[in-house]
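Below: the structure, in structure tokens.
Any read-out appearing in this document is the output of simple, stated calculations on the displayed coordinates, not a laboratory observation. What you are looking at is a predicted structure, and each value in this text was computed from that prediction instead of being measured. A quick note on method: Cβ atoms are made from the backbone with ideal geometry, for glycine too, and the neighbour counts reach across all protein chains shown.
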Amino acid sequence: MVATLVRLRLLVLRNSFRRSTSQLVAVIIGALYGAVGLLVVLGALVGLSFAPAEVATTAVVLAGSAAVLGWAVFPLLLSGVEQTLDPGHLAVYPIALRPLMVGMLLSGAVGVAGAATTIASLGTALPWLRSPGVALIALVTGVLGAATCIVVSRAVTSIASGLASGRRFREASGLLVLIPLILAGPIIIGITSGLRSSADALPSVAAGLGWSPLGAVWAVPGAVAAGDPLGALLRLLIAVATFAVLWAVWRWGLSRSLVTPTRASARTRAPGKSGLFGILPGTQAGAIAARCLTYWFRDPRYLRQLLVIPLLPAIMWFYSSINHSNGYLFAAGPVVAFALGIGMIADVSYDSTAFALHVSKAVPGRADRWGRASAMLTFGVPAVAIFSLGAAAVEGDWLPAPGLLGLSLGMLLSGAAVCSVTSARFVFPVPEPGDNPFRSRPGANISLIGPTFAAWGVMAVLCLPEIALLTIALVTREAVWSWLGLAAGIILGAVLLVVGVRVGGRVLDARAPELLQQLRKDA
Amino acid sequence: MAGDDGLAIRIRGLHKRFGEKIAVDGIDLDVPSGSFYGLVGPNGAGKTTTLSMATGLLRPDAGEVLIHGVDMWRQPLVAKAMVGVLSDGVRLFDRLTGQQMVEYAGLLSGMDRPTAQQRTADLLRLLDLESAGGTLVVDYSAGMTKKIALAAAMVHAPRVLVLDEPFESVDPVSAANIRDILRTYVDGGGTVVVSSHVMDLVERMCDHVAVITAGRVVAAGSVDDVRAGSTLEDRFVELVGGRRVGEGPEWLRHS
């Protein structure tokens with residue numbers, strides 16, 4: 001049974017390659033990254049064998065603890081990624097709990113991340129190459145450590161999946177974890193600067209971790225090498241107990257999730273309300289704008305992009321305060337404009353096959369394009385205006401404000417223009433409706449790269465006049481250039497948008513059935 | 001209308017190939033105006049592909065589709081305005097409430113807002129979805145989802161309704177209600193094309209039927225003609241083949 005489960009995992013992995021070459025390429029590139037990373041880690045471990053034993057212990061314990069912590073946290077961020085051995089799918093088969101768990105444990109080591117972790121864990125024997133006895137012990141604890149990593153992720157997932165059976169909870173938690181991710185830059189800077197100032201404290205931190213469930217397993221070989229067999233035994237006991245507790249938690253969560261299938265929860269809105277459909281113009285384009293706006297605020301995949309808007313200025317403010325430079329804050333408007341403009345590159349892909357409704361109702365391509373673009377502009381324009389003018393107000397420098405606003409509006413409008421064409425032509429693999437917004441399909445990022453970069457390049461060229469005028473304004477400190485930049489942004493952007501909508505509309509009119517077929521194939 | 005020869009749908013020489021697989025291999029089909037037409041066939045016979053091409057959702061490799069004399073692929077705007085589509089296996093804009101979803105479909109077909117709102121209210125009442133009008137479609141049951149998709153297909157008062165598997169996972173009471181609605185629609189001069197696996201249902205509900213297998217029409221005409229004195233199910237099995245006679249393997253016997 002265990003072998004069958006592992007084989008199932010491998011089979012699904014292989015079949016997913018067969019579906020498309022781009023996925024295969026993506027996995028190969030992912031594996032290359034993994035292999036390079038692994039080589040670096042293994043090299044570092046070999047290098048540690050030339051360092052004093054205490055240094056090796058400290059490094060291994062710190063890295064190992066981080067790995068365990070990572071395996072505990074990542075599944076929460078990426079819930080719904082590895083569904084091959086989803087207990088919900090296996091519930092109908094009469095599989096005893098123990099072989100099921102062993103099978104899931106082993107199949108966890110089969111993916112790229114699992115394999116890399118396992119090899120690196122076994123590699124913790126490398127620093128002790130010169131004392132073979134310790135190295136042998138390190139091999140054993142390495143296996144235990146890798147198993148702990150996988151079990152902790154399974155335990156966390158099984159508990160979380162119980163909590164997350166409601167759609168609402170699942171979607172909300174998926175979005176909440178985004179905030180630390182976006183703020184990762186400042187957080188990492190904070191931690192590293194903290195670490196740098198307390199580098200002397202690292203050995204004692206490692207010593208502490210060595211007695212904790214996170215790091216005990218990694219500290220055993222070091223303790224043996226340091227001639228402390230009792231300490232090694234105690235740490236080993238902690239490590240084994242940790243594994244046992246995690247296993248029990250996983251077992252409990254799994255047995256519960258096997259008998260309580262996930263179910264949907266519903267909240268009803270007052271009937272008789274049409275929402276935005278009653279407010280925006282009752283035309284085809286107006287209806288599409290209302291639908292898109294509703295989605296921007298109701299669909300986690302769009303909300304994720306929306307969340308970036310308030311967080312980006314916060315990040316800019318953080319960087320400008322630590323660097324004592326005002327350039328960052330001024331960039332907030334254009335950066336948000338860029339993100340929103342280019343964010344629509346996959347707009348039709350997000351519809352998935354629901355786009356069939358547009359095709360069957362023979363919606364003119366131009367109305368479709370206008371609707372989608374205007375939905376984004378209704379909140380995009382006020383947002384970038386506030387950020388551009390707000391930055392000027394905070395910095396007390398009003399001279400570049402009009403040019404900055406012009407650049408932001410120009411980027412927003414020409415982004416919408418470019419995406420009006422691309423989204424009529426290309427289908428990007430995006431998370432499907434209802435999926436975790438972080439679920440990037442294998443291959444998604446790779447196959448996006450070509451058209452995305454092309455779109456960025458086109459957008460940069462289209463915005464050159466605004467960029468040039470703003471630069472001149474900043475260099476010469478003459479307000480007239482700044483105002484010219486504003487005019488350029490509005491006029492040029494508007495013209496480009498009209499052109500983009502027309503071209504995109506024509507493409508859509510000509511190829512809507514082909515686009516739908518592509519969406520079907522992708523779904 | 002010019003070229004309208006009493007046929008709601010006229011299909012000639014329809015072909016579609018997906019890679020190596022020929023999904024539809026030269027289908028001719030005449031759906032008389034005002035008929036209740038059943039399309040039956042085994043899984044993978046090409047029913048969905050045929051209906052997709054007939055409704056302008058999938059471009060045929062070859063062949064012609066006329067809706068009341070209008071070429072679907074030459075004048076899609078005119079043709080599509082006459083057709084209401086319920087597709088099997090496509091998503092809906094399910095983050096909208098049921099009411100918003102139908103209203104959206106109405107506005108997309110180009111009607112003004114008061115009309116769209118009025119028709120939405122009527123359709124929700126007709127389909128027993130009034131109380132669910134404020135619930136997001138994503139939280140609907142499978143049967144309710146089918147019904148809301150049907151409402152979206154009917155909102156622009158099409159002359160032809162093309163429904164792919166409309167009764168799948170719909171409970172018996174709702175199915176009976178939907179049947180009544182479709183019957184009333186046909187009595188009012190509309191044409192309905194349904195695809196289904198359920199022979200019994202087609203036999204009771206439809207007046208015309210076509211049997212499709214392996215991308216070809218093997219029998220078409222009035223239900224009585226096609227079943228030729230036998231039941232539709234027996235006739236279907238006869239036409240399509242693949243019926244296995246005999247007992248199952250020994251190990252599957254418990255007595």
Which trypsin sites (Lys or Arg not before Pro) does segment B:22-86 hold that lie in a coil by DSSP with at most 11 other beta carbons within 10 Å? B:ARG74
Once phi for every residue in segment A:508-515 is put through the Karplus expression 6.51 cos²θ - 1.76 cosθ + 1.60 (θ = phi - 60°), the whole-Hz ³J(HN,Hα) values, with Gly and Pro written as x, are 5, 4, 7, 10, 3, x, 5, 4
Can you find, among B:VAL217, B:GLN118, A:SER107, the residue sitting farthest towards the positive end of the charge dipole of the protein assembly as shown, where Lys and Arg contribute +1 and Asp and Glu -1 at Cβ? A:SER107
What translational diffusion coefficient, in µm²/s and rounded to a whole number, does the Stokes-Einstein relation yield for the protein assembly as shown at 10 °C and a viscosity of 1.306 mPa s, taking the hydrodynamic radius as the Kirkwood radius over Cα pairs? 53 µm²/s
Proximal charge balance of A:LEU97 [Cβ under 15 Å; K/R count +1, D/E count -1]: +4
Can you give the calculated 222 nm mean residue ellipticity of the protein assembly as shown, where each DSSP H run of n ≥ 4 adds -39,500 (n - 2.57) and the sum is split over every residue, rounded to the nearest 500 deg cm²/dmol? -21000 deg cm²/dmol
I'd like the distance separating the alpha-carbon centroids of segment A:23-69 and segment B:183-198, in whole Å. 66 Å
Residue-by-residue Karplus 3J(HN,Hα) for segment A:112-126, coefficients 6.51, -1.76, 1.60, Hz, glycine and proline x: 4, 5, x, 5, 4, 4, 4, 5, 5, 5, 5, x, 5, 6, 4
Which whole-Hz ³J(HN,Hα) couplings does segment B:10-23 yield from phi under the Karplus relation 6.51 cos²θ - 1.76 cosθ + 1.60, θ = phi - 60°, glycine and proline marked x? 10, 10, 10, x, 6, 10, 8, 10, 10, x, 7, 8, 8, 7
Span from the segment B:114-131 Cα centroid across to the segment A:333-378 one, whole angstrom: 28 Å
Each residue of B:111-120 has, on average, a number of other protein chain C-beta atoms within 10 Å of its C-beta equal to 3
Between segment A:450-490 and segment B:6-46, how far is it from one alpha carbon centroid to the other, in angstrom? 55 Å
Going out from 0 in 5 Å bins, what whole percent of all Cα-Cα distances in segment A:282-522 drops into each bin? 1, 7, 13, 18, 18, 16, 11, 8, 5, 2, 1, 0
When ranked by the protection proxy of mean other Cβ atoms within 10 Å per residue, highest first, what sequence do the peptides A:303-309, B:8-14 form? B:8-14, A:303-309
